[in-house]
Amino acid sequence: MHLWRIFLLSVLLLPSGGPGGKPETQQQYFFTRAQAFEVMREFLDAIRLDRPENLSLPSYVRERLAWANSASAAGTLQVNLWDKCEGCSANDLMGMNFRNGRFELDVYAPRLLRLMWDEQRQELHRKPEKRAVNTFLLAVVHETIHMERGSAYYLSLPSAEERFREEVRAWAITVLNAVRPLRAQLQPLDEDWVKADDILAACGDDPACGGFQGFVRAKIK
């Protein structure tokens, strides 16, 4: 079974507000639940491992997607689509939690829908553009790296400093094993990932470097 099919079986669009039409301003976007669900389906379809364009993805990226596929099939990973994220910034796309004995990948519809938005036409793209797909893909990789820590880590209620160190670890692994190889393939990437790669490279690929840690700390505030 393909990754996106498994994810769609477990996607929940959790209500927290009313539907609407197109955005009132460039900063404020309102869409129907059906539109949000369809966009989610398009992104999950775009990262299917059997798609021809994904056969050349870096091996680590394919490994993380395969892990998510297996975890979903085993019922140890659920993907939730939320129509808003309390306490998140406008650029937050995903997060993860350990709830009810399983990991949950939380996807936030506001950023997801903005990735699909055509500013020129003022409407949703029919298919996500490559840069948007890569943004979604890297978010999945990043969050599944957190899940590697296992349930015991999250049940122990790690301190703020421990959570920060975990963010630094996940950012560094994603940059070195996914972002940098994708850049070598000349793939279009979100500027935050490009900046993270440049900073880590300037630090000699040492995630303990103050410059890299400062970057991560600013991103998770």
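The values are calculated or read from the model by the stated rules, or taken from the named source; none is laboratory data. This structure is a prediction, so every number in the text was calculated from the model and none was measured. We place every Cβ from the backbone using ideal geometry, glycine too, and count neighbours over all the protein chains shown.
Of the numbered criteria (1) surrounded by 13 or more Cβ atoms within 10 Å (Cβ to Cβ); (2) in contact with a Ser or Thr (Cβ under 8 Å, 6 or more places away or on another chain), the one Gln185 fails is (1).
Using the structure shown, decide if Glu119 is under 18 Å from the mean Cα position of the chain (by Cα) and either closer than 26 Å to Arg33 by Cβ or surrounded by 12 or more Cβ atoms within 10 Å (Cβ to Cβ) (or both). Steps first, answer last, please.
Details: under 18 Å from the mean Cα position of the chain (by Cα): no; either closer than 26 Å to Arg33 by Cβ or surrounded by 12 or more Cβ atoms within 10 Å (Cβ to Cβ) (or both): yes.
No: the conditions fail for Glu119.
Which residue out of Glu162, Glu143 is surrounded by 20 or more Cβ atoms within 10 Å (Cβ to Cβ), of a type outside the set (S, T, N, Q) and under 21 Å from Phe212 (Cα atoms)? Lay out the reasoning, then the answer.
Working: Glu162 fails: surrounded by 20 or more Cβ atoms within 10 Å (Cβ to Cβ).
Unique residue meeting the criteria: Glu143.
Selection of the stretch 156-171 for residues being over 15 Å from the mean Cα position of the chain (by Cα) and touching a residue at least 24 places away in the same chain (Cβ under 8 Å) yields Phe164, Val168, Arg169.
When Val179 is tested against (1) over 22 Å from Asn54 (Cβ atoms); (2) assigned to a helix (DSSP H, G or I); (3) touching a Leu at 6+ places or on another chain (Cβ under 7 Å), exactly one condition is not met: (1). Scanning the stretch 52-64 for residues that are over 18 Å from Pro181 (Cβ atoms) and either part of a loop (DSSP other than H, G, I, E, B) or hydrophobic (A, V, I, L, M, F, W, C) (or both) returns no hits. Among the residues of the stretch 46-59, are any modelled with pLDDT of 80 or more and in contact with a Phe, Trp or Tyr (Cβ under 6 Å, 6 or more places away or on another chain)? Taking every residue of the stretch 46-59 in turn, at least one turns out to be modelled with pLDDT of 80 or more and in contact with a Phe, Trp or Tyr (Cβ under 6 Å, 6 or more places away or on another chain).
Tally up the residues in the stretch 188-206 that are more than 18 Å from the chain's Cα centre (by Cα), surrounded by 17 or more Cβ atoms within 10 Å (Cβ to Cβ) and closer than 23 Å to Asn91 by Cα, please. Show your work before the answer.
Filtering the stretch 188-206 down to residues more than 18 Å from the chain's Cα centre (by Cα) leaves 198-206.
Restricting the remaining residues to those that are surrounded by 17 or more Cβ atoms within 10 Å (Cβ to Cβ) gives 199-200, 203.
Applying the additional criterion that residues be closer than 23 Å to Asn91 by Cα yields 199-200.
Count: 2.
For the stretch 137-185, which positions are farther than 18 Å from Arg99 by Cβ and touching a strand residue (DSSP E or B) at 6+ places or on another chain (Cβ under 6 Å)? Residue satisfying the conditions is Ala139 alone.
Residues in the stretch 44-79 that are surrounded by 18 or more Cβ atoms within 10 Å (Cβ to Cβ), polar (S, T, N, Q) and either without any contact (Cβ under 8 Å) to a residue 24 or more places away in the chain or touching a strand residue (DSSP E or B) at 6+ places or on another chain (Cβ under 7 Å) (or both): Gln78 alone.
If you scan the stretch 78-119, which residues turn out to be in a strand (DSSP E or B), in contact with a helix residue (DSSP H, G or I) (Cβ under 6 Å, 6 or more places away or on another chain) and not polar (S, T, N, Q)? Val79, Leu81, Met94, Met96, Phe98, Phe103, Leu105, listed by residue number.
The residues listed here are Arg131, Arg126, Arg149, Arg111; of these, the one that is in the same structural domain as Ser59 (by TED's automatic domain parsing), touching a Cys at 6+ places or on another chain (Cβ under 9 Å) and not acidic (Asp, Glu) is Arg111. For the condition at pLDDT below 80 and in a helix (DSSP H, G or I), Ala71 does not qualify.
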